[in-house]
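This report refers to the structure that appears directly beneath it.
Read-outs: derived from the displayed coordinates by stated rules, not from any lab. Small disclaimer: the values here were computed from a predicted structure and weren't measured. Methodologically, a virtual Cβ is constructed for each residue, glycine included, from the backbone with ideal geometry; neighbour enumeration extends over all protein chains shown.
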Amino acid sequence: IDGFPIELYFNDGYHGLYTLNTKKDETTFGMDSKDATNEVLSTELGKKDITDSTKAIIDGKNWSTEIHDVASDNVKSNLVKFLNFIEQSNDVDFHANLKNYIDVSSVINLILFGWLSQEYDFYSKSELFATWNDGGYWYLIPYDLDSTWGLLWDGSDVVPNRDDFDLSKIFSDPQTAWAASANDNKFQQRVIKLFKPEIKKQGKFLRSTVWSTPNIIASFKTFIDEVPTFAYQRDQEKWTTIPSIKTTDFKQIQSVIIQRGQKFDNFIEHLTD
C-alpha cells in the first residue's frame with residue numbers, strides 16, 4: 001500500500017486528516033489485467049487451512065482474485081500443486097525444491113518483517129500470493145500491516161511487550177509465542193524450521209541496510225513531517241479522543257522500533273541450525 005496525507009472536506013464540512021491510498025489493482029502490482037497469466041490471490045481461510053489443497057477453491061470465499069474476476073484454469077491447478085507440495089514433501093525435498101514454486105526470499109522477508117515489526121497476523125490474512133506466469137511461480141507479498149510496532153489492529157492502544165511476540169520462544173514454546181511462530185500456518189512454520197541459515201543471513205543483511213533502526217525511524221519521521229503542525233492541531237480539535245494525541249505518537253513508534261530492533265538482532269544473531 002502507498003498513499004499520501006490529505007485533509008478531507010465533504011459538503012463544506014471538515015472531516016480531518018486521512019491518507020489517500022492505492023488499492024489492490026494491476027497498477028499497484030505492476031501487472032496487466034488483460035494478461036490472464038498475471039494474478040494476485042488472497043485468502044479468507046484461517047491459518048490452519050491456508051495450505052489445505054482441498055480448500056484451494058478460488059471462489060471469493062476461500063481464495064479470491066485481485067486482478068481478474070475469474071482465475072485462469074492454470075492458476076487454479078498450479079495453486080493446488082503448490083499447496084500439495086507444502087503438505088506432502090518431506091523436509092529434504094521441501095528445502096531443496098521450494099524455490100521451484102515460490103520466491104523463497106519473498107517468504108523469508110515477509111516472516112522477518114512480521115518478527116521485527118510485531119505484526120500481529122503476518123502468518124494469515126496479511127499476505128498475498130502474486131504470479132506473473134499463471135501460478136507456475138509465486139511471490140509472497142505483505143499486505144494490511146494494521147497491527148505493527150505494538151499497535152492494536154484498530155489503533156486504540158499499544159501492547160509492545162506481549163509474550164506472544166517473544167522471539168526467544170519460537171522454537172522452545174511456540175504455543176506461548178504464537179504470534180511470532182507463524183501460528184499454525186504450516187507453510188511459514190516449515191520455512192522457519194528448515195531455512196534458519198537463510199533467515200539469519202537475510203535478517204542480518206536487512207538490519208545492516210534498509211531495515212536499520214535509523215532508517216525505519218527516519219521513514220516514519222519523514223512521513224509525519226509531510227503534514228504541517230497546524231493540520232495536526234486542526235485534526236485533533238475535530239477528533240479529541242484519537243489515540244495519536246497521547247498514546248500512539250512518534251515517541252511511541254520510535255521507542256518500540258528501538259526496543260524491538262534490539263530483541264530482533266539478538267534473536268537473529270543466536271539463530272542456529
Exercise. Around residue 102, which amide H atoms from residues at least 5 apart in sequence, or from another chain, sit under 5 Å from its own amide H, with H modelled in the peptide plane?
Worked result: 138
Exercise. Residue-wise, which Karplus ³J(HN,Hα) couplings in Hz belong to region 52-63, taking 6.51 cos²θ - 1.76 cosθ + 1.60, θ = phi - 60°, and x for glycine or proline?
Worked result: 7, 5, 6, 10, 7, 10, 8, 10, x, 10, 8, 10
For this session: May I ask you to evaluate 6.51 cos²θ - 1.76 cosθ + 1.60, the Karplus curve with θ = phi - 60°, for each residue of region 69-77 and list the ³J(HN,Hα) values in order in whole Hz, giving x for glycine and proline?
Result: 5, 9, 6, 5, 4, 5, 4, 4, 5
Problem set entry | Ratio of the Cα radius of gyration of region 130-273 to 2.2 N^0.38 Å, where N counts its residues | 1.25
For this session: Compute the long axis of helix 196-207 from its Cα atoms, compare it with the longest principal axis of the Cα atoms of the chain, and write down the angle in degrees, 0 to 90, nearest 10.
Result: 30 degrees
For this session: Take the alpha carbon atoms of region 195-273, find their center, do the same for region 174-190, and report the distance between the two centers in whole angstrom.
Result: 23 Å
For this session: May I ask you to derive the FRET efficiency for residue 161 and residue 269 from their Cβ-Cβ distance with R0 = 30 Å, giving the value to the nearest 0.05?
Result: 0.90
For this session: Treat every Asp and Glu Cβ in the chain as -1 and every Lys and Arg Cβ as +1, leave all other atoms uncharged, and give the resulting dipole magnitude about the Cα centre to the nearest 20 debye.
Result: 820 debye
Exercise. Name the residues of region 252-273 whose amide N is less than 17 Å from a point 7 angstrom out from the Cα of residue 205 along the C-beta direction?
Worked result: 268-269
For this session: Starting from the amide H of residue 127, placed 1.01 Å from N in the peptide plane, find each other amide H under 5 Å away whose residue is 5 or more places distant or on another chain.
Result: 143
For this session: Could you sort 29-39, 104-114 so that the peptide with the highest average Cβ count within 10 Å comes first and the rest follow in order?
Result: 104-114, 29-39
Problem set entry | Calculated FRET efficiency for the pair residue 153/residue 229, C-beta based, R₀ 25 Å, to 0.05 | 0.30
For this session: On each of the three principal axes of the Cα atoms of region 1-147, give max minus min coordinate, whole Å, ordered largest first.
Result: 61, 37, 25
For this session: Any chance you could run the full-extension gain for residue 24 through residue 198? It's 0.36 nm times the residue separation minus the Cα-Cα distance, nm to one decimal.
Result: 59.7 nm
Seminar exercise, completed: Once amide hydrogens are built 1.01 Å from N within the peptide plane, the residues lying 5 or more places from residue 6 or on another chain with amide H under 5 Å from its amide H are 18, 19, 20
Exercise. In straight Cα distance, which lysines are under 16 Å from residue 81, not counting same-chain residues fewer than 8 positions off?
Worked result: 55, 99, 186
Seminar exercise, completed: Yeah, region 160-245 with a ≥ b ≥ c from its alpha-carbon gyration tensor (a/c under 1.5 is rounded, else prolate when a/b outruns b/c, oblate otherwise) is oblate
Exercise. When the Karplus curve 6.51 cos²θ - 1.76 cosθ + 1.60 is applied with θ = phi - 60°, which whole-Hz ³J(HN,Hα) does each residue of region 115-127 get, with x for Gly and Pro?
Worked result: 5, 5, 8, 6, 6, 4, 9, 5, 8, 9, 8, 9, 9
Exercise. Each label point is 7 Å from the Cα along the Cα-to-Cβ direction; what then is the distance between the points at residue 236 and residue 93, in nm?
Worked result: 6.0 nm
Problem set entry | 0 to 90° range, to nearest 10: angle between helix 229-238 axis and the chain longest Cα axis | 90 degrees
